[in-house]
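Have a look at the structure below before the remarks.
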Amino acid sequence: MYGLPQVSMMMALGLFVFGLHTVPYQQLQRQMSWRHPSVSRVGRRPARQFTGPGDDVITLSGVLYPELTGGKISLAALQAMANEGKAWPLIEGTGIFYGLFVIEEISQTDSLFFADGAPRKIEFSMKLTRVDDEPDLLGQITSSLLEMLDLK
């Protein structure tokens, strides 16, 4: 089929698409926690009470080879997003909606340089932290929109 080239999407953070030509991560680590604070008791184990979900942190890491994949420009776009301090929707290429996330950290290590100082290899890691409380935020937005349009 002729026309526009097919673009594969690994994940999207806001309008930034993670893929082969931008920032193809090689590892996704997700750490979720739930809060169970304790109260000390005399002669017994501490009493615990479930108080809700804790942090939901996703770490993306990988290696970029600017000759083949994205490079400093793609990482600069993510740094600009982080500088805005906004929460961005995180959606996996399979359609899974993770929630709204902020970029908390980006680390970058350049190595194997060309004669002009440009790196041939860029190792990166970025930490995303979920900031929304609603597990079905997308469904609520859709319902609200339908109500506003009187389509429900």
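Close amide H partners of residue 121, meaning residues 5 or more places away or on another chain with modelled amide H under 5 Å apart, are 111. Modelled label positions at residue 77 and residue 125, each set 7 Å beyond Cα in the direction of Cβ, lie 2.4 nm from each other.
Report the extension gain between residue 67 and residue 104 in nm, rounded to one decimal, defined as 0.36 nm multiplied by the number of residues separating them, less their alpha carbon distance. Numbers along the way, then the final one.
On the way: separation 37, 0.36 × 37 = 13.32 nm, distance 2.78 nm.
Contour length minus Cα-Cα distance gives 10.5 nm.
By other beta-carbon atoms within 10 Å, ranking 32, 81 with the fewest at the front produces 32, 81. With a Förster radius of 41 Å applied to the C-beta separation of residue 118 and residue 35, the computed FRET efficiency comes to 0.35.
Here, each number is a calculation from the coordinates, and none is a lab measurement. Since the model is a prediction, treat every value here as computed from it, not as a measurement. A quick note on method: Cβ atoms are made from the backbone with ideal geometry, for glycine too, and the neighbour counts reach across all protein chains shown.
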